[in-house]
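What follows is a single structure, written as structure tokens, with notes after it.
The values are calculated or read from the model by the stated rules, or taken from the named source; none is laboratory data. Predicted, not measured: the structure shown is a model, and the values here were computed from it. Cβ: placed from backbone, ideal geometry, glycine included. Neighbour counts: every protein chain shown. Just the protein is used for accessible areas: all its heavy atoms, side chains included, with ligands, DNA and RNA removed. Shrake-Rupley method; radii C 1.70, N 1.55, O 1.52, S 1.80 Å.
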Amino acid sequence: MLIVMAETGATLKTPATPLGILNLEFAYTAEKAFAVILAWTGLIPADNVFAAIINTWLDFIFLLFYALFLYHASRMLAIRHIGLLSAMGNFLSKGGLAAGILDVFENIGMLLTLNGHISNTVSLLTFLFSIVKWLLAIAAVFYILVAGSLLLYKKVIRT
């Protein structure tokens with residue numbers, strides 16, 4: 001899905017929107033969201049607003065998989081550790097699912113914006129959902145890398 005979304009969202013990276021779809025995710029006011037839409041409108045040969053809509057719909061598929069991956073990987077590692085690492089894994093497994101749910105709300109906000117319903121409220125909520133989603137997802141990935149590395153280290157030391 002990462003490859004598919006990178007391919008369908010490639011034209012969204014312009015001089016005005018160097019981060020592509022992330023520029024819309026992080027547009028926290030109607031003015032900033034409108035500037036992103038304006039940067040994507042009327043570009044020949046690509047209709048970037050349509051590309052962003054397709055990319056956002058594809059994200060609904062991607063979020064299901066990454067949220068479940070973060071949940072199960074964190075949970076699996078939490079079971080194999082004790083104390084703080086176990087508690088963190090249990091918390092971050094739920095955080096992975098929460099990131100997926102927040103991504104749903106973020107996508108709804110972006111689809112509203114992409115379909116012309118641009119407002120400060122929608123932009124701010126989309127931004128907030130996005131920021132919290134990214135924090136939870138990055139924390140879960142960091143936990144998986146650290147707890148997984150520690151587990152691997154323990155396994156190597158034993159043999």
### Query
Residue check: is I118 open to solvent by 60 Å² or more (accessible area, probe 1.4 Å) and either of a type in the set (V, I, T) or not in a helix (DSSP H, G or I) (or both)?
no
### Query
Which numbered condition trips up I82, out of (1) assigned to a helix (DSSP H, G or I); (2) over 18 Å from A33 (Cβ atoms); (3) without any contact (Cβ under 8 Å) to a residue 60 or more places away in the chain?
(1)
### Task
Determine whether F60 is more than 13 Å from T113 (Cβ to Cβ), touching a residue at least 40 places away in the same chain (Cβ under 8 Å), in a helix (DSSP H, G or I) and under 15 Å from the mean Cα position of the chain (by Cα).
yes
### Query
Taking region 138-156 as the region of interest, how many residues are in contact with a helix residue (DSSP H, G or I) (Cβ under 8 Å, 6 or more places away or on another chain) and either buried (at least 17 other Cβ atoms within 10 Å of the Cβ) or of a type in the set (F, W, Y) (or both)?
6
### Task
Kindly indicate whether any position in region 99-107 is at pLDDT below 95, surrounded by fewer than 20 Cβ atoms within 10 Å (Cβ to Cβ) and either of a type in the set (A, V, I, L, M) or closer than 18 Å to A6 by Cβ (or both).
no
## Note on the structure
Those residues of region 109-138 that are more than 26 Å from F69 (Cβ to Cβ) and charged (D, E, K, R) come to a total of 0
### Query
Across region 19-46, what is the number of residues that are surrounded by 12 or more Cβ atoms within 10 Å (Cβ to Cβ) and part of a loop (DSSP other than H, G, I, E, B)?
8
### Message
Under 6 Å between Cβ atoms, which residue pairs at least 6 apart in sequence (or on different chains) link something in region 1-18 that is basic (K, R) and open to solvent by less than 60 Å² (accessible area, probe 1.4 Å) with a partner that is outside any loop (DSSP other than H, G, I, E, B) and at pLDDT 85 or above?
### Response
none
### Query
Restricting attention to region 47-98, which residues are over 30 Å from T14 (Cα atoms), among the small types (G, A, S) and surrounded by 15 or more Cβ atoms within 10 Å (Cβ to Cβ)?
A73, S74, A78, S86, G89, S93, G95, G96, A98
### Message
Whether any residue in region 106-114 is touching a residue at least 60 places away in the same chain (Cβ under 8 Å), under 24 Å from G9 (Cβ atoms) and part of a loop (DSSP other than H, G, I, E, B) is what I want to check.
### Response
no
